[in-house]
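The values are calculated or read from the model by the stated rules, or taken from the named source; none is laboratory data. These numbers were taken from a predicted model, which means no experiment stands behind them. All Cβ positions, glycine included, derive from the backbone under ideal geometry; neighbour counts span all protein chains shown. Note: accessible area is taken over every heavy atom of the protein model, side chains too, but ligands, DNA and RNA are not part of it. Shrake-Rupley method; radii C 1.70, N 1.55, O 1.52, S 1.80 Å.
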Amino acid sequence: MIWIFLGAPGAGKGTQAERLAEHLGVLHLSTGNVLRKAVKEGTELGRKAETYMKAGNLVPDALILDLVREVLTGDAPNGCILDGYPRNAAQAASLDEMLSDVGEEIGAVINLNVSEETLVTRIAGRAEAEDRTDDDEETVRNRLKVYGEQTAPLVDYYRGRGGLQEVDGEGTVDEIEGRIREIVGARAGGAAG
Ligand code: AMP
């Protein structure tokens with residue numbers, strides 16, 4: 001089963017996706033983490049992605065498609081958590097195709113909702129704690145804009161198909177994790193414990 005996290009930059013997707021992956025014992029695929037590693041290591045993917053990321057824009061879909069397909073067809077026999085993918089309508093359509101090819105289903109699409117004030121506070125904290133070159137003010141503003149224009153419409157896309165779960169992303173990390181576990185436990189038919 002595939003679990004998808006949606007939410008604006010700073011909504012807490014990465015933290016919660018990592019915790020849920022550990023809880024379920026499945027792979028956590030953060031396309032942002034894969035890309036940041038590629039940039040650091042100076043691979044071909046990293047070199048192609050870097051300028052887009054620095055500006056807070058999405059990298060071209062083609063760069064992401066192969067890495068997601070590789071994981072879905074090979075590395076994730078027990079399913080996986082998708083964190084940062086899909087990010088636009090074309091990616092959501094590609095994902096549907098890939099899932100139907102490998103016979104996997106979406107368990108739930110978890111949309112983390114937080115206020116703008118919380119987003120800004122969290123992103124500012126993260127910029128200090130981690131070395132993210134895309135966390136400066138101008139880039140963050142563009143990432144929020146890109147999210148609103150390209151990724152937020154996916155909330156309606158998945159709502160229309162059922163399986164969208166709205167989760168209150170305010171509160172402590174443990175509180176939010178508890179809310180997500182309730183949903184996942186119910187959707188996974190109790191297998192999640
Ligand atoms: P994230 O850590 O998920 O916020 O991703 C950081 C940056 O990586 C984004 O601002 C994009 O430039 C790029 N990125 C991550 N995932 C994707 C994706 N699915 N499609 C296009 N660009 C992505």
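Computed quantities for the displayed model
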{"quantity": "Pick from the stretch 51-67, criterion touching an Asp or Glu at 6+ places or on another chain (Cβ under 8 Å) and within 6 Å of the ligand (Cβ to nearest atom), ranking: most open to solvent (accessible area, probe 1.4 Å)", "calculated": "M53"}
{"quantity": "Any pair with Cβ under 8 angstrom, 6 or more apart, that starts in the stretch 58-74 at a residue that is closer than 24 Å to T139 by Cβ and ends at one that is surrounded by fewer than 14 Cβ atoms within 10 Å (Cβ to Cβ) and modelled with pLDDT of 90 or more", "calculated": "D61/A90"}
{"quantity": "Residue that is nearest to D168 (Cα to Cα), among those in the stretch 1-45 that are within 14 Å of the ligand (Cβ to nearest atom), of a type in the set (V, I, T) and not in a strand (DSSP E or B)", "calculated": "T15"}
{"quantity": "Which listed residue, of D131, D101, is in a loop (DSSP other than H, G, I, E, B), farther than 27 Å from V167 by Cα and open to solvent by 90 Å² or more (accessible area, probe 1.4 Å)", "calculated": "D131"}
{"quantity": "Conditions (1) more than 9 Å from the ligand (Cβ to nearest atom); (2) closer than 20 Å to V114 by Cα; (3) among the basic types (K, R): number failed by K48", "calculated": "(2)"}
{"quantity": "Residues being of a type in the set (V, I, T) and closer than 22 Å to A93 by Cα - total across the stretch 1-60", "calculated": "5"}
